Amino acid sequence: MPRLELRHLATLRAIAGARTLADAAMHEIARGNPGLAFKMLSRVSRIQAQLTESWAVLSTMTPADYSSFRSALGQSSGFQSYQYRQLEFMLGNKNPAMVRVHRDNPAALQELERVLREPSVYDLSLRLLHAQGLRLPADVLERDFSVPYAARPEVERAWAEVYRDSARYWDLYELAEKLVDVEHQFQVWRFSHMKTVERIIGHRRGTGGTSGVSYLVRALDLRFFPELWSVRTSI
Ligand code: HEM
């Protein structure tokens, strides 16, 4: 299937591009320059939208097409994309178990361990909120970054203030909306992946060893930036 292989290659390049841009955006947010991060985050969202588009081609694959090469995949799976994992970690979906998958690739392992321990784009954004006068508890700003962030009412209240007084907190308001765009596009990608997988393998197990579609459905409930979603109900 030469066309699908080419498309796959383009996808991997796109994931690498999104990761590099997210890294640059995080650098600017950490330096207190969110304005310089906006365009980068917009590009991450556009890349994700392109990745989602590629499912239109992949979904033309029939169960029989897939069966013709399924055995060649062995236990290979999307879990082995360290660039994808790095992007997920940067966005905040930290999971040490996903690092161990790369134990045979020391360079990838080292890089993933670094990103796992560092603050995510959301952790950095919360520090910015605090620096701009929207005081947040110390244990929100300094925590074990290798575990996923858990939502806090104080943080939702701070974002609510940003949304209520957007003129005053324009940069933070814009940053929040850019982050929501990124997460929205990521969710659409996850959903398209899950639906494509469902039509190709039904409810068979994944090559990576998970339950397959039901595993991918559970991932739809993950939230990178929880208060940016909950605040929409409270304002
Ligand atoms: C079209 C055939 C495909 C099928 C049947 C499929 C199926 C699956 C399944 C069942 C999983 C869960 C892990 C497992 O047990 O393997 C998974 C994970 C994953 N797949 Fe696919 N997939 C397909 C194509 C793709 C493509 C083209 C990409 C992107 C280039 C991709 C990227 C990923 C990623 C990144 C994960 C990890 C997701 C996470 O950690 O939440 N998959 N896939």
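Values quoted throughout were computed directly from the atomic coordinates according to the rules given, and no laboratory measurement underlies them. Please read all numbers here as calculations on a predicted model, not as lab measurements. Note: ideal-geometry Cβ built from the backbone for every residue, glycine included; neighbour counts use all protein chains shown.
Among 36, 128, 116, which one shows the highest mean-square fluctuation when the chain is modelled as a Gaussian network with alpha-carbon springs under 10 Å? It is 36.
Could you size up the charge dipole of the chain around its Cα centre, putting +1 on the beta carbon of Lys and Arg and -1 on that of Asp and Glu, and report it in debye to the nearest 20? Don't skip to the end; give the middle numbers.
Numbers: 31 positive and 26 negative charges, 124 e Å.
Result for the chain is approximately 600 debye, rounded to the nearest 20.
Counting only DSSP H runs of at least 4 residues, each contributing -39500 (n - 2.57), and dividing by the residue count of the chain, the helix-based mean residue ellipticity at 222 nm comes to -22500 deg cm²/dmol. Projecting the alpha carbon convex hull of the range 83-199 along each direction and taking the average yields 8.7 nm². Between residue 131 and residue 68, the modelled label-to-label distance comes to 5.5 nm, taking each label 7 Å out from Cα in the direction of the beta carbon.
Note on residue 138 and residue 218: the extension gain reaches 25.7 nm, defined as 0.36 nm multiplied by sequence separation minus the Cα-Cα distance.
Which whole-number percent gives the relative contact order of the chain, counting Cα pairs below 8 Å spaced six or more residues apart? It would help to have the intermediate numbers written out before the result.
On the way: 256 pairs, mean separation 60.5, N = 235.
Dividing the mean separation by the residue count of the chain yields 26 percent.
How large is log10 of I(q)/I(0) for the range 137-235 at q = 0.19, 0.20, 0.22 Å⁻¹ when the intensity is taken from the Debye formula with one equal scatterer per alpha-carbon? Scattering profile of the range 137-235, log10 relative to I(0): -0.97, -1.02, -1.12. Three principal axis extents describe the C-alpha atoms of the range 137-178; from largest down they are 33, 19, 14 Å. Helices meeting the span-like rule in the chain (full DSSP H runs, Cα extent of at least 27 Å along the helix axis, mean Kyte-Doolittle score of 1.6 or higher) are absent. When only Cα pairs below 8 angstrom with a gap of at least 6 residues are kept, the range 1-107 shows a relative contact order of 30 percent. Which one, 21, 222, 129, has the greatest fluctuation when you compute a Gaussian network model over the chain with C-alpha springs under 10 angstrom? Among 21, 222, 129, the largest mean-square fluctuation in the Gaussian network model of the chain belongs to 222. Note that the range 28-153 shows a convex hull volume over its alpha carbon atoms of 144 Å³ per residue.
What are the equivalent ellipsoid semi-axes of the chain, built from the alpha-carbon gyration tensor (square roots of five times its eigenvalues), in whole angstrom, biggest first?
Numbers: eigenvalues 231, 69, 55 Å².
Gyration-tensor ellipsoid for the chain: 34, 19, 17 Å.
For a straight C-alpha distance cut-off of 22 angstrom, the lysines reachable from residue 94 (same-chain residues fewer than eight places away being disregarded) are 178. Its Cα gyration tensor gives the range 17-88 an equivalent ellipsoid; the semi-axes, largest first and in whole Å, are 35, 15, 5.
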